[in-house]
1. Evaluate the distance, in nm, between pseudo-label points positioned 7 Å from the Cα of Asp390 and of Ile156 along their respective Cα→Cβ axes.
2. Can you tell me the length gained on complete extension of the stretch Val281 to Ala28, counting 0.36 nm per residue apart and subtracting the Cα distance?
3. In nm, what is the difference between 0.36 nm times the number of residues separating Lys376 and Ile289 and their Cα-Cα distance?
4. Would you mind checking which residues have amide H under 5 Å from Leu384's amide H? H placed 1.01 Å from N; only 5 or more apart, or other chain.
5. Hey, can you grab everything whose amide H is under 5 Å from the amide H of Trp160? Only 5+ residues off in sequence or another chain; H modelled, so Pro and N-termini drop out.
6. How large is ³J(HN,Hα) for each residue in the range 127-134, as worked out from phi by the Karplus curve 6.51 cos²θ - 1.76 cosθ + 1.60 (θ = phi - 60°), to whole Hz, x for Gly and Pro?
7. Of the candidates Glu164, Glu292, Glu234, which one comes out as most mobile in a Gaussian network treatment of the chain with C-alpha springs shorter than 10 Å?
8. Given Cβ point charges of +1 (Lys, Arg) and -1 (Asp, Glu) and nothing else, what value in debye, to the nearest 20, does the dipole of the range 1-160 about its Cα centre take?
Amino acid sequence: MNAPEFLESLSNLPHADYMLSLRSRNPAYFLARARWLLKQIPPLAIFLSKTKIIHITGTSGKGTVGAILQSILAESGHTVGFYNSPHVETVYERVRISRTNRQNTVTTFSIPDDEFESIVSKLKPVLEKAVIKSPFGLPSYFDILFVIGLCYFNKINCDWIIIEVGCGGRYDSTNIIPDSVLSIITSIGYDHTQLIGPRLSQIAYEKSGIIKPRGRVVAGASIKGKILSIIRREAAKNRATFHLSLPAKNIKDDNAGTAKTAAKLLGIKDDAINRGIKRYVPLPGRFEIISEHPAVILDGAHNSDKIKYLARALNDSPIWIKSRRKFLIFAATGAKDWRAMLRVLVPYFDKIYLTRHTVRERKVADMKAMYRYAEKCNGHSPSLYLDPDDALKDALRNASPSDIIVATGSLYLLGSLKYSFQNLSKGFRRHRARLSGGGEEKKTF
């Protein structure tokens, strides 16, 4: 089996699952487990001690802010690694590098598969040692991927690395880093409440756990009132300097504003900041436009706050404003508040397609309940498909070139849809070509 398959296969071994066990155990256990893994690779400790690190958390926007900052730093001549999660299509997406090439332009790429294979091969003895000797058991999938990212960033001599938190902050595996140049908290909202607490005050406290002693912290402009005061308090406890990003007109500018505030604190020149914002390469599945006629947008929004941001982004987008009919493809995991998401989304769309993701390890939402609720929201019966490919196929069949299709609700949905679209769109283009030559439209693929 290849390296990604090997890592996925480790899930059948008995070990504490990060996402399911956080509340039933002392959460410090998970930091200790990640630290044990890091200690088995001594060069990483040296690398982390000499490398400039930006640590980012937040309910929404952290991936986009990280991607923009990566672009800004690369435009300043730096080699920048960015560890982010989760991935949409391949695990290689999580380990991303930007640097200046020989033509003096910035290039952004993911870890090559042969490099990934090589690092995993070297890690196998460490993982086998963990099974026998680690008091914390086998490291989690997330722990291992994070360390793989650090190994590759070390190999290619990144002088900056940007690290996106997986969940929360205080007890997240990424918080094993000894220090950071800057901590960023992009937003505070309801997500992973079963893991880090049901109240915004708890969530703010947990995310503030990435603030380092005598460090610097930037908070996104959307954070206000009592929640902002919690972050200020935690910064004061650590004698860290606090900075608030300026408000923006829309969500895209909001994320760019947070990144710009951070870059200015780091002493980056304005021309590099402006180039970085203009040229940054978005992460897959973040308002990703994969087709224009009809428009097809993939967005991994998976909680009510992210969905609200998506709605704002759509309203600000010319591609949405110009579209005639609007189609929604929606799926959600069982742990998410899909009702809150549908309440926001349904009024915007003319046709609703409900489906599921196909990742075995993640339970999907109750599809019957989801169907009834969506029906209640707009008074019309949605379409329900157990196969997400069928939902996409039906939407494409019914959409005209001036329509728009938005797929959202779960990042786990997007990978399979993106792959399917590449195949379906071939037939779709042939179909439209026949129509442009005249004749009666045939609703077939």
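1. 4.2 nm
2. Full extension of this stretch gives 87.6 nm more.
3. Length difference between fully extended and current span is 28.4 nm.
4. Leu354
5. Answer set, sorted by chain and number: Thr79, Gly81.
6. 5, 5, 5, 4, 4, 8, 10, 6
7. Judging by the Gaussian network model, the answer is Glu292.
8. Rounded to the nearest 20 debye, it is 700 debye.
A short reminder: the numbers here are calculations on the coordinates, not readings from a lab. None of the values given here were measured: they were computed from a predicted structure. Quick reminder, even Gly has a Cβ in these numbers, built from the backbone with ideal geometry, and neighbours come from all protein chains shown.
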